[in-house]
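Rule-based calculations on the coordinates, nothing more; no lab input. What you see is a predicted model, and the numbers here were worked out from it, not measured in a lab. Cβ: placed from backbone, ideal geometry, glycine included. Neighbour counts: every protein chain shown.
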Amino acid sequence: MTSLHQLYPGTFAPYPSDVSELDTSEWRWTQWLGADSTAMVRRPDGTILIFCGDTFTTSVPSGYAFDGASFTNNSLLYAIGGRFGVEYANGTGLFDSPGTNLFGSPNPYLPGILSPGGFRWGQGAFVDIGTDGRVHLMATEYEGSIFTSYTAVNLREYVINQDLTIQSSALVPGLAPQTLTSVSALVTWGHAVIVDYSTNYTYIFGTYQVPLDGNRVVVCRRSIAFGSLPGNVPYFWTGSTWSADMQNVVALGPTPGNSLSVIQHPAGGWLMTSCRKGLFSNKIAAWYSITPNGTWTDLGDIYTIPSEFTGQYNYGGLSYITDNNKLRLMYNLNGTTAQIRADYRRYGIRWVEVEIPKKP
C-alpha cells in the first residue's frame, strides 16, 4: 500500500484546526468522497483516522457533478501532516483508480478475507498506548450482499501501523455475532472500544437492533495485560455482575443509531455520543457514565443537524475532545445516488463543534 510520504502534491487542502474551515466542502473536491463514517480515532501525534463504510469515487468532477461515479466499500480517510487524504488497498497508490463497484477492484482498505460476496464493516478503534502504540480497529465481517441479504459472522481486530499499512489481523475469540434469545436479536460487537488503564481492562461495546427504534448498547470487558484483544476471554455485563456467557448480557440504556463513540469525559467518567435512535436521525445525543458498564445517564440532544436539501438523511455522531477542550462531532450527510452524482456536496462527513456536556 502507498505510504503517507508518497502523497500527490496539490491534491489535499490544508487541514484546519477551526471547525468552520474543517466543515467546508472544498477539501472534498477531488476523486473521492469518503463517507458513512463508522469509526474515528485520534492518535497521540494528532493524526485523525476515519474509517468509512461507503465511498464514492470518480474522475475529476465537472462542477459539482460526479460523472461516471462508482461506489466502493471501506475506505480510510485521514488527516495527517496538515493534509487530508484517503487510502485504498489497491497497492498502486492514491487516486490511481476510481474504483469500480462495491465488491470489485480495488479492494477495500480492509483486506478481502471472506468468500466472494462478503464485506467488512469498520466499527470502533482505539490506540493501545500501553503496549504497541498502534491503532486497533474492530470490524464486523459479513457474508452475502447488501443488495440482497447478508449475515454478520465474525469480529476481527486489525492492528494498523503508523504508515497506515495493516500489521496484522485476527479473529476476536468469544465475540462472534450471536443471537440473544431473550430479545430475539443479533448482537454485533466492536462499535466502540475503550481502554481503562486505572482498572486494567479493555471494554468493548456492542449493539442489537430494535426495529425503528435504534440500537441497544451492551458491553463486555477483557484484561489488557497482554495488550492485544484476541489474547483474552470476554466477560459480559449482566446488570449486576460479569458473566462468561454472552446470553446473560443486558442493555445499558442508551439508544444510539448505527455508529457511536465512547470517549473519556474531561471531568472524569465516560461520554457516549451518537445520532439518537433510528438510522436517519437529525439529533445527536450524549450519555454519561462513571463506569463503562453504567449506570448511563441521558444528557439529552446536544446538536440538531440542519436540513440542507430535500430528501437529506443523516447518521453518525462520532466525537472526540479537541485541544481547546471542545467536543467535535462528526456526522454523515447523505442523499440518493442520483442526488450525490448531481451534487457531491450532498454526500460526505460533516463537522460541528459544541460545548462538552456537563456530567450529571
Task: Where labels lie 7 Å past Cα in the beta-carbon direction, separation of THR310 and THR179 in nm - done: 4.3 nm
Task: Near-label residues of the stretch 316-360 by backbone N, under 16 Å of a point 7 Å along Cα→Cβ of ALA65 - done: 337-346
Task: Estimated FRET transfer efficiency when R0 is 35 angstrom, pair ASN325-THR291 (beta carbons, to 0.05) - done: 0.95
TODO: With a cut-off of 18 Å, note down the residues of the stretch 174-192 whose backbone N falls inside the zone around a label point 7 Å from the Cα of SER223 toward its beta carbon.
DONE: 174-175
Task: 18 Å reach of a label modelled at LYS359, 7 Å along Cα-to-Cβ, counting backbone N of the stretch 261-297 - done: 262-273, 286-297
TODO: Could I have the simple spin-label model distance between THR151 and ASN200, label points 7 Å from Cα toward Cβ, reported in nm to one decimal?
DONE: 4.0 nm
Open item on the list: Is the C-alpha gyration tensor of the stretch 140-246 telling us rounded, prolate or oblate? Criteria: a/c under 1.5 is rounded; beyond that, a/b larger than b/c is prolate, otherwise oblate.
Closed with: oblate
Task: the stretch 289-340 versus the stretch 188-202: alpha-carbon centroid distance in Å - done: 21 Å
Open item on the list: Per 0.36 nm of contour for each residue apart, how much would the distance between SER168 and SER240 grow if the chain were fully extended, relative to their Cα-Cα spacing?
Closed with: 22.4 nm
Task: For the stretch 347-360, Karplus couplings with θ = phi - 60° (6.51, -1.76, 1.60), whole Hz, Gly/Pro x - done: 8, x, 7, 10, 10, 8, 10, 10, 5, 5, x, 6, 5, x
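State whether the stretch 240-331 is rounded, prolate or oblate according to the following rule on the C-alpha gyration tensor (a ≥ b ≥ c being the square roots of its eigenvalues): a/c under 1.5 gives rounded; otherwise a/b larger than b/c gives prolate, and the remaining case gives oblate. Could the numbers behind the result be given before it?
On the way: a/c = 2.68, a/b = 1.42, b/c = 1.88.
It is oblate, given that a/c is not under 1.5 and a/b is not larger than b/c.
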